[in-house]
Every structure is written in C-alpha cells, then in structure tokens.
C-alpha cells in the first residue's frame with residue numbers, strides 16, 4: 001500500500017510539474033509573440049487603408065507607401081479635427097488609436113438610442129481616426145473607417161473619397177463574418193470595384209448611396225448613387241446601406257465632410 005501511495009504521489013508530482021513547465025513555455029511564447037502580432041495587425045490596417053485609397057503598388061512596401069498618409073483625429077461631436085489639447089486630454093495617440101476599443105469605453109464613447117442607430121453598433125466612439133493623402137497643401141483623398149451590422153456580424157471597413165468629399169475612390173471590409181458565397185461577397189474584388197466613382201451625397205448634401213436589389217439600371221437617373229446589391233444576401237446588403245449612410249450622415253462624418261467641402265477644415 002505504501003509503495004502504491006508513493007507511486008500515486010510521484011505520478012501527481014510529475015503531472016503537476018509538467019503542467020507548470022508547459023504553462024511557463026506558453027506564457028513566454030505569448031509574451032514573446034505579442035510585439036510581432038501587434039506589428040502584423042498594424043501592417044494589415046495600413047494595407048487595408050491603402051487598398052481603399054487605391055495606393056497599393058507592386059514592389060513597394062506598405063510602410064513606405066503609408067509615409068504619404070497623414071493620420072488625423074476627428075471629433076465626431078463637433079465635426080472638426082480634434083485639437084492637440086483634446087487629443088492629449090482623451091489620452092489618444094493618433095498612430096495607434098483603436099476606435100473599436102474606444103467604442104467600448106464609456107469615457108470615450110456614447111450610447112446610441114435605437115432610432116439613432118440604423119447601423120446597429122449600439123455605441124459610437126467620440127473620436128475617429130481619418131487618413132489623409134495630401135496633394136500640395138490640399139487634400140487629394142481621405143479614407144474613413146466605417147462599421148455596422150450585417151446578417152451575422154459587425155462588418156468593419158474603410159471608404160476612400162476624392163477631394164470633392166463625395167465621390168468614392170474605393171471601399172472594402174477588412175473584418176466580417178457574413179455567409180461565404182452570399183453576404184461574404186462583400187470581399188469580392190468585382191463587387192468592390194462597383195463602388196469606384198459612385199456619389200455619396202445628393203445635391204442637398206444627404207447621404208443617399210445605397211445597395212439595390214437586382215442591380216443598378218443604367219437608365220436610372222439616380223444610378224450614380226446606387227450599387228448592385230449582393231445576390232441572395234438581402235440583409236447583408238441592407239446592413240451595408242445602413243452603415244454607409246450612417247457614417248456619412250449627420251451622426252457620423254457628415255458634418256466633418258461638409259466643412260471640408262466648404263473649405264472650413266484644413
């Protein structure tokens with residue numbers, strides 16, 4: 001019996017020691033890989049911004065091209081660029097600002113009532129990072145972060161606009177969990193190409209761009225404001241319409257873009 005007990009103790013001791021050793025290795029690997037994971041995440045973000053802006057070039061590194069992009073913080077409550085004092089007070093680093101995380105922080109976000117939340121995001125960050133490509137002293141194009149709910153997931157993407165701040169340069173999602181072959185076609189390059197040249201705003205300055213079921217008719221006088229819907233994915237298409245109209249509307253980037261169009265922001 002003594003020898004049996006001793007054997008059980010040894011077995012438990014070896015198992016415990018093995019668990020501890022494995023835990024140490026896993027923790028060390030997690031800590032060691034964290035900088036690499038962070039760098040890869042940052043690289044992916046830059047690549048998606050450049051893709052929306054139509055700036056990716058074969059043979060050039062993403063970091064090299066991104067040197068031509070200026071990151072600015074916008075106060076969505078005022079529709080103006082945040083001042084250095086505001087940025088400091090909010091504890092924001094423009095280069096590393098995570099709008100997704102900020103939307104979960106009550107100090108950096110606001111809750112949205114249902115009637116003001118067509119994109120179904122529930123909370124909206126008070127500040128947003130926008131990405132500006134300069135041409136001389138002016139803006140050549142601007143890239144805006146957008147997100148909203150589709151059928152199964154919150155879709156996160158970037159939309160780039162020309163310097164009229166109404167014409168789409170490019171649009172795409174970098175994170176979505178919609179049904180492959182249906183709503184997941186938001187990742188299809190052919191569908192994303194349909195957005196180029198579309199007009200976001202009507203003559204009254206309202207964000208009217210939308211996805212339409214069955215495709216856009218060339219005879220439609222409002223065709224410049226419409227994009228082909230996703231076949232078999234009505235709810236995802238509706239979600240894309242809602243999120244784009246929300247973020248480019250009065251409660252999103254609308255007031256900010258209106259000031260840019262009037263020359264009131266630099």
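Only the coordinates and a few stated rules stand behind these numbers; no lab work does. Small disclaimer: the values here were computed from a predicted structure and weren't measured. Cβ: placed from backbone, ideal geometry, glycine included. Neighbour counts: every protein chain shown.
For 70, 57, which order do you get if you count the other beta carbons within 10 Å of each Cβ and list the fewest first?
Lowest count first: 57, 70.
Averaging over all projection directions, find the projected area of the Cα convex hull of region 60-210 and quote it in nm² with one decimal place.
10.9 nm²
If R0 is 41 Å, what FRET efficiency do you get for residue 42 and residue 261 from their C-beta distance, rounded to 0.05?
0.85
Where both residues lie in the chain, what percent of DSSP beta bridges are antiparallel, nearest 5?
Of the beta bridges lying entirely in the chain, close to 90 percent run antiparallel.
Each label point is 7 Å from the Cα along the Cα-to-Cβ direction; what then is the distance between the points at residue 114 and residue 14, in nm?
The answer from the label model is 6.1 nm.
Rounded to the nearest 0.05, what FRET efficiency is calculated for residue 140 and residue 89 with R0 set to 45 Å and r the Cβ-Cβ distance?
Efficiency, rounded to the nearest 0.05: 0.90.
Helix 234-247: angle to the longest alpha-carbon principal axis of the chain, degrees 0 to 90, nearest 10?
Approximately 70 degrees, to the nearest ten.
How large is the direction-averaged shadow of the alpha-carbon convex hull of region 156-266, in nm²?
Spelled out: convex hull of the Cα atoms, projected over all directions, averaged, 7.1 nm².
Given the rule -39500 (n - 2.57) for each run of at least 4 DSSP H residues, summed and divided by the residues of the chain, what is its mean residue ellipticity at 222 nm, to the nearest 500 deg cm²/dmol?
Dividing the helical sum by the residues of the chain leaves -11500 deg cm²/dmol.
In whole Å, what is the distance between the alpha-carbon centres of region 93-145 and region 160-186?
16 Å
So how do 218-225, 77-84 stack up, highest first, on mean other-Cβ count within 10 Å?
Those peptides, ordered most packed to least, come out 77-84, 218-225.
Going by average Cβ density within 10 Å per residue, which order do the peptides 60-69, 207-216 take, highest to lowest?
207-216, 60-69
May I have the convex hull volume per residue, in Å³, for the Cα set of region 133-196?
Residue-normalised Cα hull volume stands at 80 Å³.
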